[in-house]
Amino acid sequence: MVEVAVLLEKVDGSRLSDKVTENSPSNYNLNVSLSEKTRSTDALVLSFQLELSAPQNTAKMTVAGTATVKGTKEEIQASITAPDDSHPPQVLLTIYEKVYGLLYLVATGLKVPPPLPNLLKKSG
Amino acid sequence: MYSGVIRFYSLADLRKYLKDLLERYQRDFDRSSNVIGSLLRTEGQKGMEVIMSKGWAKVGGLFVNIQEPEKGSMEVVFQLVTEMKPRLAKTEEVLKTFESVEQLPVPDEASFLLYLRGGVPERLVVDTTEPKPVPFAMKGKFALGP
């Protein structure tokens, strides 16, 4: 069973327009960057950065940190392997799930629409 | 404590693991030592009497203490501290002298099998038979949904 522990190192949020409200449509783009920091047979440490930006440049949120994936060598490999080119690997789904609550709170504090909870397909 | 083999793909990763391990042992040691220390200070000059319980009875394969739970707990913590000391010292020594391992002529493709016995790093095998995994990295844009 794979365990993913997320440690945040940066949280950043900006409200970039006066016209945006909590009730504006939530249509953020999510830019993801993941890279390996260290690896052993039972753990993989990844640096990650998730950047959410609204299309009309009305709001922007960024979270970055490290994710430690613990499990067997095979489980770790499976968690970083995407099922196909358009879907995210499991580890990314888990990271997003773990930071979602915080992103929601930041959005609420900024009075901008909260991001949607599920990470879907690649958009470009 | 953990006994087993862990494979690392670089000496830097191995060094970091040893550093984290030592920090964890030091934290555990400090915490347990503080418990014992504060009890000995509270109890004044009574010394080891406050730690060693006479309430142990052999029940099946275990020693059980019903009569003096506080003393029994203290005795167990004291035993833990005693066992932690050599583990901490040995791990500290391994980390202090790790530079000499880093200076070994090691092939680029090597990985490192660390053998831990009772939580103590004891042996290191430089393995050139298993290929190193390609470092993982990804970038992408994703859509969010309800």
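Starting from 0.36 nm per residue, how many nanometres of slack lie between A:Glu74 and A:Asp12 once their C-alpha separation is accounted for?
18.9 nm
Averaged across B:3-16, how many Cβ atoms of other chains sit within 10 Å of each residue's Cβ atom?
Mean partner shielding for this stretch: 3.
With axes computed from alpha carbons, what is the tilt in degrees of helix A:90-110 against the longest principal axis of chain A, rounded to the nearest 10 within 0 to 90?
So the helix axis and the longest Cα principal axis differ by about 20 degrees.
Taking each residue in A:69-79, count the Cβ atoms of any other chain within 10 Å of its Cβ, then average. What number comes out?
1
Specify the angular offset, from 0 to 90 degrees and rounded to the nearest 10, of the alpha carbon long axis of helix B:11-42 from the longest principal axis of the alpha carbons in chain B.
10 degrees
For B:Glu83 paired with A:Leu120, estimate the spin-label separation in nm (one decimal), with each label point 7 Å from Cα along the Cα-to-Cβ line.
It works out to 5.4 nm between the two label points.
Shielding by partners for B:94-100, please: the mean number of other protein chain Cβ atoms within 10 Å of each residue's Cβ.
0
If you place +1 on the Cβ of every Lys and Arg and -1 on the Cβ of every Asp and Glu, how big does the dipole about the Cα centre of chain A come out, in debye to the nearest 20?
Here the size comes out at about 300 debye.
Which one, A:Gln77, A:Gln49, A:Gln90, has the greatest fluctuation when you compute a Gaussian network model over chain A with C-alpha springs under 10 angstrom?
Of the options given, A:Gln77 has the highest mean-square fluctuation.
Return the aspartates and glutamates within reach of A:Lys60: Cα separation strictly under 18 angstrom, same-chain partners fewer than 8 residues apart disregarded; answer none if there are no such residues.
A:Glu9, A:Asp12, A:Asp18, A:Glu22, A:Glu51
Can you tell me the dipole magnitude for segment B:4-127 around its Cα centre, using point charges on the Cβ only (Lys, Arg +1; Asp, Glu -1), in Debye to the nearest 20?
So the magnitude is around 400 debye.
Distance check, please: which entries in A:Lys70/A:Lys122; A:Lys10/B:Lys19; A:Lys122/B:Lys16; B:Lys16/B:Lys85 exceed 28 angstrom between their Cα atoms?
As for pairs spanning more than 28 Å Cα to Cα, those are A:Lys122/B:Lys16.
With a 10 Å cut-off between alpha carbons and a GNM built on chain B, which of B:Val106, B:Val125, B:Val134 moves the most?
For chain B, modelled as a Gaussian network with Cα springs under 10 Å, the answer is B:Val134.
With a 10 Å cut-off between alpha carbons and a GNM built on chain B, which of B:Thr128, B:Thr91, B:Thr42 moves the most?
Of B:Thr128, B:Thr91, B:Thr42, the Gaussian network model singles out B:Thr42 as fluctuating most.
Give the residue from B:Val106, B:Val81, B:Leu95 lying farthest towards the positive end of the charge dipole for segment B:38-130; charges sit on Cβ (+1 for Lys and Arg, -1 for Asp and Glu) and the dipole is referred to the Cα centre.
Projecting each Cα onto the dipole axis, the largest value belongs to B:Val81.
Put +1 on the Cβ of each Lys and Arg and -1 on the Cβ of each Asp and Glu in chain A; which of A:Gly71, A:Pro89, A:Leu102 then has its Cα farthest toward the positive end of the dipole?
Value computed over the given set: A:Leu102.
Run the reach check for B:Lys54 against lysines, Cα to Cα strictly under 22 Å, same-chain hits fewer than 8 apart removed. What comes back?
Reachable lysines: B:Lys46, B:Lys71.
When the Karplus curve 6.51 cos²θ - 1.76 cosθ + 1.60 is applied with θ = phi - 60°, which whole-Hz ³J(HN,Hα) does each residue of segment A:4-16 get, with x for Gly and Pro?
Rounded to whole hertz, the list is 10, 10, 10, 10, 7, 10, 8, 9, 9, x, 9, 9, 10.
Rule-based calculations on the coordinates, nothing more; no lab input. Owing to the predicted nature of the structure, the values given are computational and were not obtained by experimental measurement. Because the Cβ atoms are built from the backbone with ideal geometry, glycine has one as well, and the counts that use them run over all protein chains shown.
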